[in-house]
Amino acid sequence: MMSLYNELPSTFVTTNVDKLINWGRASSLWYLLFGLACCGIELMQTGGPRADIDRFGSVPRATPRQSDLMIVAGTVTLKMASRVKLLYDQMPHPKYVISMGSCSNCGGLFDLGYSVLRGVDKVIPVDLYVPGCPPRPEALTEGLIQVQDKIHRERYLARNN
Amino acid sequence: MNAEAIHQTLKKRFPDGVGELHTETIDPWIEVQPEHIADVCRFCKEDEALGFDFLSNLTGVDAHNDLLVVYHLYAYGKRHSAVLKVRVPKGKPVTKTVTTVWRTANWFERECYDLLGVRFEGHPDLRRLLLPDDWEGHPLRKEYMFPTEYGGIDNTRDYGF
Amino acid sequence: MATLRTQEMELNMGPHHPSTHGVIRFILRTDGEVVSECKPDVGYLHRSIEKIGELCTYNGFMPYTDRVDYVAAMNANFAYALAVEKLAGIECPRRGDLLRIITAELGRISSHLIAVGTMAMDVGAITPFPYALRERERVNDLLEEICGARLTFNYHRIGGVGWDMPEGWDKKVLKFCDNFARITDEFDRLITKNHIFIERLGEVVVIPAEDAIDFGLSGPNLRASGVDFDLRRDEPYSLYKELEFEVPVGMDGPGYAVGDCYNRFVVRVHEMRESLRIVRQCVAKLPETAGENPIPKPKNFKVKENECYVRSEAPRGEMGIYVVSDGSDKAWRYRARTGSFTAMGAVEHLSAGIMLADLVALVASFDVVAPEIDR
């Protein structure tokens, strides 16, 4: 955005609609409150008083119908996999998915076991993988910023035409 | 009471149902016949000298051709503990339920059925507890083969190393 | 007056639900707000930890014990280390024991903070939860400094601990204790003695002592029902014999009774205070052991055929680790009996006839976490 400093007062800015929409979307990424396992605790801490992910416009929603972002925080078991898919399907477009932690990235530690899904990307598309077991709140915040960057790069109106 | 005294009390009351006391392990254990386990446990709980009011743990162990169901009992009043074991053949793993003695046994037995396939006669609701209902096999048996697919989801992953 | 015609309905709650403490599902039959039947459906977090215990070496399994109870990973580490030490006849040096108890009690504090915070949140008080998280961050800082992780610590080892404490760490712990003593008082003012809170939870789902034992409840849930039993005091392990602490038990009072949800809450708040006392005593003992090496040599070992069942007091009740060895360097069978598992099993029996909102309070007051139920 830049101001038309030659012709208009400096309180005016010009931009294109795509950028304006993206600015709004990226600054209000509401995430689904969805703690599956260990990472869920770090997700809570990220929303907590110190890391305070609220600063980036991200607040938890309890229902998928109001969420833009799904943070898959923890181990997805085979029993849970279909439910994760169901939750993802309930979210309105456009939607983004962060896979948080080794378990949802690739099965992680539980690759040895029999009941764990080896990566949540087998059931839903993932935009960003955050490594760690569990990732620190700083890492998750960085992940969120990267998703915001991705949103800024999108041409939402152009794509729909 | 120590393990010998507990064993003698039980042996006196159930000469057929109660087997030898095994002292070669750190926690000595008493073998009980599967058809007598419910009566032995009831006696353990109701006898004043024994007073085992708390079923601390109930689980199963794969013992090659057999399955062992292990009961860890504890008495809050007397502050003593005992270990009972029931041996059932893998081909026909049937024993009696102790849910009528301790209500906490309900879930323990369901878990044991789920993971090892021991069937507890008289259990009010013997379904799988942890794994989905359509799961095949009992994972804690040694011969169990890990599934590569569940519910249409391919669960293999090539890590590239 | 004509009676209102009502109808039973089936209601699904979970596995994704903000107040089910992880992925737990309840299948309810309700008549209006009154629950007539509640069947918990668990296993959405069954990660086959018990099977993995048979596939890993004794030392190699330690990181998995963190995941048995990630809210209090230190205590789960501790329980496993105790069991294998007893099985293999390994001694832990005194300094190692002290560091273990300090970290385990700090872990208990951080676990109870989550417990009381989420419990308050589940019955509608949002404010205490960020307070609890703020304090939890301070505990995490201390534990991170000693072992490098914030949540899944993997700090205890069979025969000691992973690292000695960094210089000056004990001073930081004492400083934390002083600060936290004030916080517990603040917490009392904010919520424990809050009239609305007592009205909400007092005399809700009262569990008598005999029932509590029969349901297999343990730890704070059992003590709230008036059973004065704590494994740390009554069957002491590690160095707990030398330490002085009180065991808080449920009490009757104005608006609340032994065994109700409010008592289960209060017992946890008091336990945090007692944990502080234990931490202070252990820190005072640390200088005696200066120069001792608490770190065992990292080596693989085999254990001859044997078995043992070791119980220890985790924040969610008794954690019993049953290990069977077969002569190799891997366990033949690893089994964790956890407090949440039995508590969740009791919900089915306790929920008939209570209100739907009280079911949430009951589950919250049991402080169940999904990984302990499912493992």
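Since every read-out is calculated from the coordinates, none of them should be taken as a lab result. Just so it is clear, the structure is predicted and the values come from calculations on it, not from any experiment. Neighbour counts run over all protein chains shown; Cβ positions are idealised from the backbone, glycine included.
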Please name whichever of C:154, C:201, C:245 sits farthest to the positive end of the charge dipole of region C:140-259, dipole taken about the Cα centre and charges placed at Cβ: Lys and Arg +1, Asp and Glu -1. C:154
Apply the a/c threshold of 1.5 to the C-alpha gyration tensor of region C:252-375 and tell me whether it is rounded, prolate or oblate. oblate
What list of ³J(HN,Hα) values in whole Hz, one per residue of region A:136-148 in order, does the Karplus curve 6.51 cos²θ - 1.76 cosθ + 1.60 (θ = phi - 60°) give from phi, with Gly and Pro shown as x? 6, x, 4, 5, 5, 4, 4, x, 4, 5, 5, 5, 4
Report the FRET efficiency, 1/(1 + (r/R0)^6), for residue A:16 and residue A:82, where r is their Cβ-Cβ distance and R0 is 35 Å, rounded to 0.05. 0.30
For chain C, built as a Gaussian network whose Cα springs stay under 10 Å, the top-fluctuating residue of C:160, C:43, C:219: C:43
Within region C:22-51, DSSP-loop GluC sites (Glu not before Pro) with at most 16 other C-beta atoms within 10 Å are C:33
Most exposed first by the Cβ proxy, i.e. fewest other Cβ within 10 Å, how do C:231, C:190 rank? C:190, C:231
Restricting to DSSP H runs of at least four residues, report the calculated mean residue ellipticity at 222 nm for chain C, -39500 (n - 2.57) per run over all residues, nearest 500 deg cm²/dmol. -14500 deg cm²/dmol
Select from region C:303-342 those GluC sites (Glu not before Pro) which occupy a DSSP coil region and have at most 15 other Cβ atoms within 10 Å, ordered by residue number. C:305
Amide H partners (placed H, <5 Å) of residue B:67, local residues excluded: B:88, B:90
Work out the mean other chain Cβ neighbour count within 10 Å for the residues of B:51-60 and drop it here as an integer. 5
About the Cα centre of the protein assembly as shown, what is the dipole size in debye to 20, counting +1 per Lys and Arg Cβ and -1 per Asp and Glu Cβ, all else neutral? 1200
Treating the Cα atoms of region B:1-137 as identical point scatterers in vacuum, please give the log10 of the normalised Debye intensity I(q)/I(0) at q = 0.11, 0.15, 0.21, 0.22 Å⁻¹, two decimals. -0.37, -0.69, -1.30, -1.41
Cα-based Rg then Dmax for chain C, in Å, read 21.0, 82
Just list whichever of B:12/B:96; A:79/C:304; B:90/C:51 have alpha carbons separated by over 29 Å in the model shown. A:79/C:304
Residues whose built amide H sits under 5 Å from the amide H of residue A:71, excluding neighbours closer than 5 in sequence, are A:32, A:98
Per residue of B:123-132, other chain Cβ atoms within 10 Å number on average 5
Please list, in chain and number order, the residues 5+ apart from residue B:57 or on another chain whose amide H is under 5 Å from its amide H, with Hs placed from the backbone. B:72
Scanning chain C for helices, which whole DSSP H stretches are 30 Å or more long along the axis (Cα) and average 0.0 or more by Kyte-Doolittle? C:94-122
Over the protein assembly as shown - Rg/Rh using Cα atoms and the Kirkwood inverse-distance radius: 0.98
When all Cα-Cα pair distances of region B:60-161 are considered, the percent exceeding 19 Å is 52
From the Cα centre of region C:1-66 to that of region C:121-188, the distance in Å is 29
Shape verdict for region B:40-109, please, from the Cα gyration tensor: rounded (a/c under 1.5), prolate (a/b greater than b/c) or oblate. prolate
Roughly how big is region B:1-117's charge dipole about its Cα centre, with Cβ charges of +1 (Lys, Arg) and -1 (Asp, Glu), in debye to the nearest 20? 200
In what sequence do C:38, A:38 fall when counting other Cβ within 10 Å, fewest first? C:38, A:38
Please arrange B:81, A:104, C:48 by how many other C-beta atoms lie within 10 Å of their C-beta, fewest to most. B:81, C:48, A:104
Max mean-square fluctuation residue, GNM over chain C, Cα-Cα springs under 10 Å, options C:196, C:354, C:101: C:196
For region C:239-256, in order, what is each residue's ³J(HN,Hα) by Karplus, 6.51 cos²θ - 1.76 cosθ + 1.60 with θ = phi - 60°, in whole Hz (x at glycine and Pro)? 9, 4, 4, 7, 9, 9, 7, 8, 10, x, 10, x, 9, 7, x, x, x, 9
Could you tell me whether region C:177-318 comes out rounded, prolate or oblate from its Cα gyration tensor? Rule is a ≥ b ≥ c as square roots of the eigenvalues, rounded for a/c under 1.5, then prolate if a/b exceeds b/c, otherwise oblate. oblate
For peptide A:114-125, the mean count of other chain Cβ atoms within 10 Å per residue Cβ is 5
Farthest toward positive dipole pole in region C:243-375 [+1 Lys/Arg, -1 Asp/Glu at C-beta], among C:256, C:361, C:322: C:322
Can you compute the radius of gyration and Dmax for chain A, using only the Cα atoms, both in Å? 17.8, 68
Residue-wise HN-Hα coupling along region B:24-39, computed from phi with Karplus coefficients 6.51, -1.76, 1.60 (Hz; x: Gly, Pro): 6, 9, 4, 9, x, 10, 10, 8, 10, 6, x, 6, 9, 4, 5, 5
Choose one answer from C:93, C:287, C:315: the residue with the largest mean-square fluctuation in a GNM of chain C with alpha-carbon springs under 10 Å. C:287
Given charges of +1 on the Cβ of Lys and Arg and -1 on the Cβ of Asp and Glu, with all other atoms neutral, how large is the dipole of region C:104-172 about its Cα centre, in debye to the nearest 20? 120
Which one, C:128, C:139, B:76, is farthest towards the positive end of the dipole of the protein assembly as shown when Lys and Arg carry +1 and Asp and Glu -1 on their Cβ? C:139
